[in-house]
1. If I take R0 = 35 Å and measure r between the Cβ atoms of Ala590 and Trp385 in this structure, what FRET efficiency does the formula 1/(1 + (r/R0)^6) give, to the nearest 0.05?
2. Roughly how big is the chain's charge dipole about its Cα centre, with Cβ charges of +1 (Lys, Arg) and -1 (Asp, Glu), in debye to the nearest 20?
3. Per-residue accessible area for Phe242 at 1.4 Å probe radius, Å² rounded to 10?
4. Please work out the Kirkwood hydrodynamic radius for the stretch 25-69, using every pair of different C-alpha atoms, and report it in angstroms with one decimal place.
5. Which log10 I(q)/I(0) values does the stretch 444-542 give at q = 0.18, 0.19, 0.21 Å⁻¹ under the Debye formula, counting every alpha carbon as one identical point scatterer?
6. Using a 1.4 angstrom probe on the protein heavy atoms only, line up Glu549, Glu591 by accessible area, largest first.
7. So which GluC sites (Glu not before Pro) in the stretch 372-468 are both in a DSSP loop and have at most 11 other Cβ atoms within 10 Å of their Cβ?
8. How many angstrom lie between the C-alpha centres of the stretch 458-514 and the stretch 1-64?
Amino acid sequence: MKSIGWLTRLMLAYWPRILLALFLSVLTITSHIGLMAASAYLLARAALHPPILDLMVTIVGVRFFGLSRAVFRYLERYLSHDVTFRVLSQIRVKFYEQIEPLAPARLGGLRSEDLLSRIVADVETQQNFYLRVFAPPIAAFFVLIGYGIFLANYDIRLSYILAACFVIAGVIVPWLVKRLGQGIGAQIIFLKAHLNTQVADGLLGMTELLSYHQVGDHLIKFRETNDELIECERKITKLAAFSAALTGLIANLGMWLILVLGILLVEKGRLNGVNLGMLALGTLSSFEAVFPLALVPHHLEQNLVSADRLLDLMKPEETKDGRDRKKHDYNRENDKIRHEDSREHEDSSKNEDSRENPGKLIPRADNLKLSFQEVSFRYEKTEPWVLKDVSFTIPQGSKVAIVGSSGVGKTSIINLILRFWDCEKGEISLGDHSLPEYDIEELRRIIGVVTQKTYLFNATIKENLLLAKPSATNQELMDTARQAKLHEFITSLPNGYDSYIGEGGFKLSGGQRQRLAIARVLLKNAPILILDEAAAGLDSITESEVLNEVYRLMEGRTTILITHNFSGLEIMDEILLLKEGRIIERGTHAELLQHEGAYWELWKRDRFIN
Ligand code: GTP
Ligand code: MG
């Protein structure tokens with residue numbers, strides 16, 4: 001239900017337009033009623049052969065209503081769509097603003113296709129909210145009141161009949177449709193999202209599907225989802241047809257009842273027979289207001305499900321009910337932190353005084369000691385601990401290597417330092433303050449990272465490099481590319497630095513991608529350096545070349561190096577050996593070898609293999 005409040009709030013920001021659109025909507029239906037009623041009245045009067053002048057007013061009325069209906073309809077559609085698209089664009093902007101600071105931590109669990117489907121399809125579904133959910137009942141209500149008063153002028157019982165038929169067609173029929181179509185709206189949304197995912201999966205995983213002979217199976221699954229979706233759409237179409245027929249039946253019944261009562265009134269001399277046709281046809285046309293009501297529950301259901309899917313990703317603050325959340329709700333606490341960050345981001349500037357939230361700190365270049373104090377961390381409350389009581393300190397300018405087998409939590413340490421996640425127990429601090437006290441943008445500004453999963457954009461090499469330093473000159477770009485052993489390759493391409501590298505950089509080899517990432521870090525020139533398997537994927541000669549470059553890069557910087565490669569670790573000030581989320585050994589390379597423990601074992605094995 002919170003999503004209704006959210007949607008309504010977004011919409012009501014445009015209340016003057018909405019009021020006008022509603023007013024025009026009522027006027028359109030009124031014109032329709034007027035057109036039919038005036039026409040019927042004209043025919044009835046004309047049959048009595050009155051002087052033509054007597055008919056003039058009615059003739060003008062017919063013309064007026066005929067024209068005004070079209071004009072009002074046009075203006076109403078124009079305004080209501082204007083409001084709708086404004087709301088949609090607001091939702092898109094808000095959604096983007098909200099999820100951007102979450103990346104990659106919270107979005108990690110979401111498929112990119114699912115995200116796309118939320119951004120595109122779920123946002124699009126919201127266009128029905130005003131047009132098909134919000135406006136029709138209000139317009140119908142005012143038409144009922146207006147036309148009801150008109151009928152009451154002749155006899156109050158006519159108004160009762162109208163009201164009864166409106167209630168049956170406008171409340172009971174929609175209720176019936178809701179009962180019969182329960183859950184279909186939601187199912188359609190989910191099936192569409194699922195279908196999107198399957199299509200994207202099929203396309204992205206084409207190589208795997210082909211090589212494992214799974215194309216047929218994939219197609220079958222795709223067709224199954226598609227058939228299910230078609231089945232749901234069919235049900236809804238049937239239901240729509242059924243409800244339209246039912247509403248039509250009630251409308252005609254209403255007209256007949258009014259006609260029969262009218263005839264009785266004429267017989268008793270309480271109604272002029274000339275008015276009979278007018279009342280009957282007017283009633284029939286007033287049902288124009290009721291026809292859209294049958295599908296209101298269906299559209300509402302779709303709106304709610306899609307809005308929930310959107311809100312799922314947004315912050316609690318956005319939904320206004322996050323303020324009383326529990327203090328120790330870890331994920332939500334994270335949300336709050338990120339929300340504050342995103343607000344600050346809007347006016348992030350180097351000048352501390354101009355900041356929206358002056359309470360947040362900017363890291364000081366001369367005080368970058370990084371320390372973990374008994375840090376424990378897990379990704380979800382239901383999942384096992386990934387890091388347990390991890391403590392270490394990296395004095396400014398010193399170099400620490402983290403080694404350990406796959407899955408022991410090395411990358412997780414990096415995720416915590418970059419504040420993609422926050423630790424649940426213990427404290428991570430930089431200089432004299434804990435990480436959350438710093439402005440997140442400023443914090444990330446001083447850290448250069450090469451991750452295991454480098455993401456490259458579908459843009460040119462130059463643009464991918466400029467990401468790290470938008471102001472870099474061509475000369476700078478080339479110097480860095482040379483250092484990362486990438487320059488020769490780039491110049492061998494027909495378009496050189498302006499070559500497109502494709503989606504996710506697929507036109508580059510794994511090693512080239514990694515070197516591009518290293519070049520980016522070189523450009524960023526940050527005082528803290530994090531290298532997560534930076535040279536992985538390179539052949540051993542290039543690897544050592546690149547690593548030499550990397551080691552040179554480490555000079556004077558606080559460095560965290562995660563590696564599987566034991567060569568070169570002699571220059572590290574400390575090596576941490578991680579096992580199952582705990583640091584089991586620490587010391588310099590020489591000390592650890594002397595100790596002849598687990599590190600020594602690994603080192604021996606590594607030397608044996610190489
Ligand atoms: P390698 O990169 O393979 O050498 O491993 P690592 O030491 O870097 O491991 P990492 O820190 O990435 O992962 C430690 C544990 O956390 C593993 O059991 C992962 O399954 C889990 N993990 C990593 N990332 C996520 C995440 O985004 N969400 C969740 N729920 N679990 C994660
Ligand atoms: Mg890792």
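The values are calculated or read from the model by the stated rules, or taken from the named source; none is laboratory data. None of these values were measured; they are calculated from a predicted model. Glycine also receives a Cβ, built like all others from the backbone with ideal geometry; neighbour counts cover every protein chain displayed. When the accessible area is computed, the model is the full protein with side chains, heavy atoms only, and any ligands, DNA or RNA have been set aside. Shrake-Rupley method; radii C 1.70, N 1.55, O 1.52, S 1.80 Å.
1. Working: r = 32 Å, r/R0 = 0.91.
Plugging the Cβ-Cβ distance into 1/(1 + (r/R0)^6) gives 0.65.
2. Working: 69 positive and 73 negative charges, 483 e Å.
Computed about the Cα centre, the dipole is about 2320 debye.
3. My reading of the accessible area for Phe242 is about 90 Å².
4. Values: mean 1/r = 0.0943 Å⁻¹.
Taking every pair of different Cα atoms in the stretch 25-69, averaging 1/r and inverting gives 10.6 Å.
5. After summing over all Cα pairs, the log10 values are -0.78, -0.88, -1.09.
6. On the way: Glu549 25, Glu591 100 Å².
Putting Glu549, Glu591 in descending order of accessible area: Glu591, Glu549.
7. Values: sites: Glu374, Glu380, Glu424, Glu427, Glu437, Glu441, Glu442, Glu463; in loops: Glu380, Glu424.
Here the GluC sites (Glu not before Pro) that fit, given the DSSP loop and packing criteria, are Glu380.
8. The two parts, judged by their Cα centres, are 64 Å apart.
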